[in-house]
Amino acid sequence: MDNEAARKLFDERFVRIHRHLFRFVAVLAPNREDAEELFQEACLKILEKWRDYDAARPMLPWACGIAQNVARRYFERQRRRGLPLNEVLLDVVAETQHRLAAEIDARLQKLPDCLQQLTEEQRLLLEECYSSYGSIKKLAQAKQLDPNVLYKRLERIRRLLFDCIESAITQE
Amino acid sequence: MVDNPPKKIREVAPELWTLVSHVCNDELQPADEARLESLLRHDPQAREFFGLFMSLHAELMWHFRGAGRSAPAAEETAPSPPSLPEYELPWEKPRPKVVIETSPPRPIPWYSIHSTFGLHLIAHTISAILLLIGIGIASVVYVTHSHEIAATRAATCAEDSGSGGGGGGLSGALAAAGKVEPKKIKPKKEEASVVGYISGMVDCRWADPSLKPITPLIRQGTKFALASGLMEITYTTGAKVILQGPCTYEVESPHGGYLALGKLAAKVEPPKSDSSIPAERSRQALQTRKLFSEKSLFAVRTPTAIITDLGTEFGVEVLESGESQAHVFQGQVEVRLVDDGSSSSAEQGAGVRERVIVLGENQSAVVTKDGKIQTTEAPKGGGPGEGSRIAAAAGAFVRQMPHWAPLKVFNTGIGLKEGDPDPHWQLVARSDQPDFKPQPAVVTKVTSNCLPNNPVRSQWLSLAGDFPPVPDQTVYTFRTTFELDAAEAKTATLRGRFLADNHVDAIRLNGRKLNVPFHDYGYGVNFFAYWVEFRATEGFVEGPNTLEFDVYNGDLHSTMIGPMALRVELEIVGISSIAKRAFLSMPAKSRESEVAP
């Protein structure tokens with residue numbers, strides 16, 4: 001395959017796995033700001049190494065491997081308090097993600113329907129929390145709410161969604 | 001959904017719900033982190049739940065990604081265009097729409113670049129500005145050049161006449177300027193030119209973190225405050241200087257620097273075109289050449305002396321007491337006292353001979369704070385006395401940077417045939433046989449979906465040479481060992497790559513786990529030709545080091561049998577103690593204290 005064709009194939013596949021890659025990265029870095037920054041770094045590194053990609057193999061595991069290394073270095077650099085996962089667990093979680101990849105995909109296809117089953121208020125709250133870059137605590141302060149109240153509401157909404165997905169999968 | 005929650009399919013401990021919620025809210029405390037880590041390590045169901053739940057959290061992030069950015073402001077009424085893609089690729093932004101103006105063109109202002117008058121006005125203005133800049137540059141160059149010529153002439157005249165400062169007025173000032181050693185001229189930061197680069201660093205620690213170099217290029221005026229370690233500077237003129245911490249040094253020009261404290265060794269190759277330079281030269285010619293010649297000699301300034309190279313290798317040390325020491329390893333140097341300007345011109349002229357000396361090979365000089373020079377020669381046999389003290393000090397210079405060298409470690413199956421046991425690699429454990437006895441791993445033939453063996457580089461290892469099928473869902477541990485001395489253990493870096501049928505679960509260096517990059521369990525065509533890289537920069541020990549690989553056979557659900565094999569290529573580099581000793585100029589016996597960490 002010539003260079004141009006190889007690059008075209010690479011680009012096409014990269015676009016297809018983009019969302020999955022973000023999901024993988026966001027599991028390693030659940031904080032929104034970290035996830036976005038890490039995702040950008042991982043994408044740049046993957047594009048840098050595009051010639052290393054073997055087109056005979058699936059792209060997502062290869063890209064996730066790169067993303068995992070980027071995550072490791074990123075966390076070493078950032079040295080933030082309260083990092084959810086230390087280095088060893090990064091590997092554990094990453095491996096679990098890989099093993100459950102097909103199941104996760106199937107489950108998340110149910111998410112849009114489950115979101116529709118939330119109330120308007122619950123959906124708006126979810127959108128506010130997940131679209132903002134600040135902490136939940138800051139959002140609570142902006143809304144003049146006790147942060148614990150907001151935490152509890154979010155936890156309930158996430159549980160509802162999780163259980164809705166579980167139920168949908170089980171009934172299939 | 002709100003009133004009738006669905007039947008829970010998965011039972012999840014409330015504690016785990018709370019912990020993952022904390023993770024999602026970025027509120028995980030250290031105690032929670034430890035508890036979560038424990039749960040995820042030991043409970044596969046907790047791991048599975050964590051993976052599924054965090055994927056939901058991640059998917060919500062993706063779903064609402066951009067929702068905050070595209071939220072319309074209060075005064076906007078038009079909705080966001082629905083046709084934009086939901087992602088933005090790093091290398092490709094959405095192209096803007098092409099808009100074709102169909103209304104008549106607006107009139108062009110007179111000053112606009114699109115108007116005839118405006119275009120000419122702008123062009124002429126730019127030309128005038130460029131002309132003014134050019135005149136300014138020319139005038140600066142002309143004045144500077146004239147000053148240099150005048151100063152040179154004044155210096156030469158002053159020397160010829162034997163007078164110190166010459167007449168008054170401009171010529172006197174220039175003559176005085178020519179007589180006095182060139183002061184440090186610190187160019188403005190933005191004008192500083194590159195005069196060298198950092199060509200080596202070993203174990204550097206910085207006394208002043210603000211002076212830690214962030215680029216290998218060295219500009220005029222750059223200072224270094226080394227607390228310990230070695231740093232080599234290569235000047236654009238070719239001179240090399242090795243700073244030994246603790247040391248404070250400033251790079252003043254392409255032809256030298258200022259050593260405020262500590263020691264350095266300098267090596268300056270004599271210029272090829274000047275091979276006819278006589279061994280003895282007049283101090284006057286030296287001074288003139290040093291100041292303004294294109295082939296300026298390399299010089300190191302200290303608080304009390306200036307040590308000028310005459311095509312040689314030498315060491316300079318400045319002690320806390322302010323005393324400067326110079327030692328010549330090869331060739332010659334000139335040692336001159338720093339003129340503090342207190343003596344009269346006549347005194348300077350008369351006393352210049354006592355304030356300057358030339359040292360030859362194996363000679364040393366000490367310049368005290370009160371302006372005395374004491375010279376000595378290193379006794380050949382060694383022995384008591386001041387000469388020996390100075391000679392011993394001369395031996396304490398590092399004259400060549402220790403270099404990284406590859407250390408001995410063996411790739412799997414290197415240099416062997418299929419069926420041969422590998423003397424450097426063993427199979428030491430298998431998870432289905434607790435009583436398994438360690439045995440040499442064997443170079444095995446492999447099937448066509450594996451990277452073919454290469455005896456020159458590396459080969460696949462297994463339990464036997466015929467790629468035998470072994471039980472799945474079993475972990476096989478391979479081990480290799482290698483020796484490091486104390487210095488190597490401190491400086492070693494291990495780089496490696498592996499191929500595995502089917503998966504490397506863990507790599508351990510002296511029992512400590514290394515990071516194993518994510519990799520698949522081996523499916524698809526040509527999978528077993530895809531190297532996985534790893535590295536280690538710490539965890540090495542003096543003496544024998546062990547490196548182990550846990551190879552998992554099969555995939556996670558298989559209960560059959562299948563072949564199992566490992567292939568590893570390794571590279572370790574470090575600085576050996578022997579290499580360090582070889583580069584120090586003192587005899588090995590008296591160097592024990594230098595080498596000791």
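The values are calculated or read from the model by the stated rules, or taken from the named source; none is laboratory data. Being a predicted model, the structure only gives us computed values, none of them experimental. Virtual Cβ from ideal backbone geometry, glycine too; neighbours counted across all protein chains shown. Ligands, DNA and RNA are excluded from the accessible area calculation, which covers all protein heavy atoms including side chains. Shrake-Rupley method; radii C 1.70, N 1.55, O 1.52, S 1.80 Å.
A few comments on the model shown:
- For the chain pair B and A, the interface hides roughly 6800 square angstrom of accessible area in total, found with a 1.4 Å probe.
- Extension gain, A:Arg73-A:Val149: 0.36 nm per intervening residue step, less the Cα-Cα distance, totals 23.9 nm.
- Theoretical FRET efficiency, 1/(1+(r/R0)^6), r = Cβ-Cβ of B:Ile133 and B:Ala260, R0 35 Å, to 0.05: 0.35
- Each Lys and Arg contributes +1 and each Asp and Glu -1, all at the Cβ; summed about the Cα centre of chain A, the dipole is approximately 480 debye.
- Mean residue ellipticity (222 nm) of chain A, computed from DSSP H runs ≥ 4 via -39,500 (n - 2.57), nearest 500: -25500 deg cm²/dmol
- Loop-located trypsin sites (Lys or Arg not before Pro) across segment B:461-510 with a Cβ neighbour count of 10 or fewer within 10 Å are lacking, with loop assigned by DSSP.
- Simple spin-label estimate for B:Lys372 and B:Arg205 in nanometres, 7 Å along Cα-Cβ: 3.6 nm
- For chain A, modelled as a GNM whose springs connect Cα atoms under 10 angstrom apart, the maximal fluctuation among A:Ala35, A:Ala26, A:Ala56 occurs at A:Ala56.
- Chymotrypsin sites (Phe, Trp or Tyr not before Pro) restricted to segment B:454-526 and DSSP loop, no more than 11 other C-beta within 10 Å: B:Tyr523
- Proximal charge balance of B:Lys267 [Cβ under 11 Å; K/R count +1, D/E count -1]: -2
- Counted charge near A:Ala67, where neighbours are those whose Cβ lies closer than 12 Å (Asp, Glu -1; Lys, Arg +1): +4
- Difference of contour (0.36 nm per residue) and Cα-Cα distance, B:His42 to B:Thr215: 57.7 nm
- Simple label model, 7 Å out from Cα along Cβ direction - A:Glu37 to A:Asp2, nm: 4.3 nm
- Charge-dipole axis of chain A as Lys and Arg at +1 and Asp and Glu at -1 on Cβ define it, positive-most pick from A:Ile46, A:Ser131, A:Leu150: A:Leu150
- Interchain or long-range residues, amide H under 5 Å from B:Leu261's placed H: B:Thr248
- Formal net charge of residues neighbouring A:Glu121 (Cβ-Cβ distance under 14 Å; K, R +1; D, E -1): +1
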